[in-house]
Structures are given as structure tokens and as C-alpha cells.
Amino acid sequence: MPIESPTCFVDLFPGALFALAAEQGHVVLSELFAEEFALVQNAVPKRQHEFAAGRMLARRVMSSLGVAPAAILRDVHGAPVWREGYIGSITHSQGIAAAVASRRESARGVGLDMECRTRPFPWQALDIVAVPREQAWLYGLPQHWRETAAYCVFSAKESIIKCLYSAGLPLLYFTQVTVRMDLQRGCFELCELLGITALNVDMQGRLGWNENYVFTGAWWPEDL
């Protein structure tokens, strides 16, 4: 896929700390563990295949970390349940799935997100995604940048929320997370957590896009 942005998908995370895999194509549902298939047996075929693709890639990255294949279930919020001592994140969008994982000793949390950008951004929902400062930044951009930038904000917040949740924080709303984007450098930072008591989160975030997708990754290094 032609990359038009500063960051390539494979550069979202430092390879020394994380294992990352992404793939486009068909998956075989029979490769799911029985406990996994039970979670989506009543879902529509599209949802079943997205789920299966994510689990297959999650097992691939866990295998690269030395973990034997095992079922990856989900918690009450639908988030993957990783083997004790490990953290990870799964995402899928319109035919592509990706997964990332790390040993918990290497990072407190990690989040990965990918959004299809071939359809217009739902600007009518901007109030539930971005706070006023972020909205002002978006509308201050040249017209040809706004669509991509809006998807980047949405995706960055998804990655941050996943990252914080994997680190043990409660599941947050988009407007509780404020971000600062740097599209030219392919990165973003968490500015503030609204409604959360004092917490020092020095998170790393990278972003990129190609013709069809926006992709973001966030991680909370263990030593910060």
C-alpha cells in the first residue's frame, strides 16, 4: 500500500519492545479455538471474519514473543484478555486486521487502532469525539487536510483509550482524552485526562496513513 505520511504502519512501535503484525485477506474460521468461536457464533459473517483475523494475528505476535498458541477471549468491555504477564491490542477495519503485543515488563500499556478513511468523516458526531480546542485546530487546517486530520484525532484517541485500559485504568470516553497532533512528524501526545485524578502518563504516540487507512499506535513505557 502506498504510504503518503511520515510514519509507515510497521514503524508505529519500537521493534525492540513490541511485536506487530498486519494482514489483508480471508481467514478460516476453523482456526479459531472453540471458546473463541463461541463468542461470535451468532454474529454476522463479516464480524466473524474480522474477529478471526484479529485472533490469528494476535497469536502470531504472541508466538514471536515465545508464547504457545492459546485462546484469546474477551472481557466485559469486549477487550482481548491476554496471557498473564503480557499486554496487547487488536484492531480491524474493512478487510485489514492488525495486532500488537509486548511483555508487561516492557510497557505499562499499549493501544493500536486503524480506521478506513475512504468514506467522509462523520462531522455531525465531532462533539462526542473532540473537545473545543481540538475542534478549533481541525477547522483551522487547510480544507484538504481536515478529513485526514479528523480521522487521525479519532484513531489516536482510540489507541490512547485502549492503551490506558490495558494499563488498568477504567474505560474512558473520547472527550475525557485530549490530544495534540503533529501530522508532519507522524506523532501525537496525550495532553490531559479529564475527570481523572492526578496521574502522570507520559505516553508515546505515532500515526500514519495511506490511500485507504489511518493508523495509530500508543504505548506507555514502563520506565516513565
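Where a number appears in this text, it was derived from the coordinates with a stated rule and is not lab data. Here the structure is a predicted model, which is why all the values come from computation and not from measurement. Every residue, glycine as well, gets a Cβ built from its backbone with ideal geometry; the counts of neighbours run over all protein chains shown.
Counting only the backbone N, which residues of segment 88-129 are under 11 Å from the spot 7 Å out from the Cα of Tyr173 toward its beta-carbon?
128-129
Measuring from a point 7 Å past the Cα of Val44 along Cα-to-C-beta, which residues in segment 68-102 have an amide N at less than 14 Å?
Answer for this model: 94-95.
If the only charges are +1 at each Lys and Arg Cβ and -1 at each Asp and Glu Cβ, what is the size of the charge dipole of the chain around the Cα centre, to the nearest 20 debye?
So the magnitude is around 200 debye.
Between segment 162-180 and segment 1-80, what is the separation of their alpha carbon centroids in Å?
21 Å
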